[in-house]
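First the structure, in the form of structure tokens, and then the observations on it.
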Amino acid sequence: MLRRDTRSRYSFQSFCLTYTCPSKNDSTTIGSILEGQYLYSLSFNFSLYITFPMKAQILPTVPTFTHDIIASLYKYDLLIDQSILKEILALPRETLLEDLKKALKDLTENQEIHKVYREKRDYSTRPFFTPAMHTLMLLGELEASECFEEIHAFNLFDRELEDNYLLEFGVDEIWYIYYNILNEALIPRYFEVLKEQDSNEYARSTVSKTLVAYLQKHPEKRVEFIGEFRKVFEFYLEHSDSVTSADTAFMGFMLSYLVDCKAIELKDVIKAVHDKEIIDTWIMGSWKDVEKYLEEPERQQIPLNIFDFYTQATKTWHGYKVEKVGRNAPCPCGYGKKYKQCHGKKV
């Protein structure tokens, strides 16, 4: 049973073996490790990490933007100099939003990018390709409620590509953007998203998490929001014959967030979806488990701004925790300069 929305991606059980290949294309060397002298170790529980020397990022063709600085979002990963982000946020709002929407459209339609990043899942070698995360976080920081449909469309368009664009870790944090752009006018639209049957379960889950966080910040909305969540459960009960695995998973995740705000007013409909067996019990367990969770203290969902989020991510996400960089080595930001001439100036 999974508790909350944790995603265990790495297993540290007995020991880790790290090997640095002389070339990223050295498949013979990699194969000899997996098939040769270390084969006996595979019968034990351990994690094998194969790392490669960092190479300069190969950039795709970048669109022409009104503000040239937007192209830098394609160049840097989350170690981007925060002064660049501040400069972007200070640009004229109307033209800035048009540029950011153009970037999102490019990332969903550019086949050149798709070809490279559809299968890219190497989270050990920086720099990473993160223009999508930059663009989304900037839209959130701008509280760009007028861009909701573009943001939500990106969140729906291609799960595999989205995982790679956001390094999979970032997928769970998209709710920061949804939270920052949410206003009174968008509340009905957010609840409509929860009823988009058989659509991306993670996108719907993100919206439900956002609504719970908003409810916790605005307790005066509790009666209204609890009533709307009840309608969501009732919708799936009414359409129980056509409920899909994506729907049951979404309801499991939504329930995990409702437990965070102690939504005991919904106990009857929560029990009903369990009785109908239209909720994924791998996420929150049986009805008896849920009853216990509803008695736990409330857990507050706290969104981060772009600067705090990047600081936290680069300290904790796998792939950013790098060894000390030599002064004459390439800067980890991927710009191409020596470390001492780039981010090393500040050290």
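Please list, in order, the residues from region 142-168 whose amide nitrogen is less than 12 Å from a point placed 7 Å along the Cα→Cβ vector of H218.
Flagged as within label range: none.
Rounded to the nearest 0.05, what FRET efficiency do E238 and K337 have when you use their Cβ-Cβ distance and R0 = 56 Å?
Efficiency computed from Cβ-Cβ geometry: 0.40.
Along region 274-287, what does the Karplus equation 6.51 cos²θ - 1.76 cosθ + 1.60 (θ = phi - 60°) give for ³J(HN,Hα), rounded to whole Hz, x for Gly and Pro?
5, 5, 7, 6, 10, 9, 6, 7, 5, 8, 10, x, 6, 4
Please work out how much length the chain gains when fully extended from E192 to F307, using 0.36 nm per residue of separation minus the C-alpha to C-alpha distance, in nm with one decimal. The partial results should precede the final answer.
On the way: separation 115, 0.36 × 115 = 41.40 nm, distance 3.09 nm.
Full extension of this stretch gives 38.3 nm more.
Given the peptides 257-265, 195-203, 233-241, arrange them by the average over their residues of other C-beta atoms within 10 Å, most packed first. Display every interim value, and only then the final one.
Details: 257-265: 20.3, 195-203: 17.3, 233-241: 14.2.
Packing proxy ranking, top to bottom: 257-265, 195-203, 233-241.
Among the listed pairs K221/K262; K195/K271; K195/K267; K209/K271; K102/K315; K102/K338, which are separated by more than 23 Å between their Cα atoms?
Numbers: K221/K262 14 Å; K195/K271 19 Å; K195/K267 20 Å; K209/K271 20 Å; K102/K315 30 Å; K102/K338 32 Å.
From the list (K221/K262; K195/K271; K195/K267; K209/K271; K102/K315; K102/K338), the Cα-Cα distance tops 23 Å for K102/K315; K102/K338.
Would you mind computing Rg(Cα) / (2.2 N^0.38 Å) for region 223-292, counting N as its residues?
My calculation over the Cα atoms of region 223-292 gives 0.99.
Taking 0.36 nm per intervening residue step and subtracting the Cα-Cα distance, what contour gain separates E149 from S83 on full extension? Spell out each step's value before the answer.
Values: separation 66, 0.36 × 66 = 23.76 nm, distance 2.86 nm.
Roughly 20.9 nm would be gained on extension.
Could you work out the local net charge near A153, counting Lys and Arg as +1, Asp and Glu as -1, over the other residues with Cβ closer than 15 Å to its Cβ? Write out the running numbers ahead of the final one.
Values: positive: K101, K102, K105, R159, R189, R204; negative: D106, E109, E146, E149, E150, D158, E162, E192, E196.
Result for the neighbourhood of A153: -3.
In what order, largest first, do F253, F229 sit by accessible area if the probe radius is 1.4 Å?
On the way: F253 25, F229 0 Å².
Largest to smallest exposure gives the sequence F253, F229.
Multiply the residue separation of T95 and N183 by 0.36 nm, subtract the distance between their alpha-carbon atoms, and state the gained length in nm to one decimal. Could the numbers behind the result be given before it?
On the way: separation 88, 0.36 × 88 = 31.68 nm, distance 2.19 nm.
Between T95 and N183, full extension yields an extra 29.5 nm.
The values are calculated or read from the model by the stated rules, or taken from the named source; none is laboratory data. All values derive from a computational prediction rather than experimental measurement. Using ideal geometry, Cβ is built from the backbone for each residue, glycine included, and neighbour counts are taken over all protein chains shown. These area figures cover heavy atoms from the full protein model, side chains too; ligands, DNA and RNA do not enter into them. Shrake-Rupley method; radii C 1.70, N 1.55, O 1.52, S 1.80 Å.
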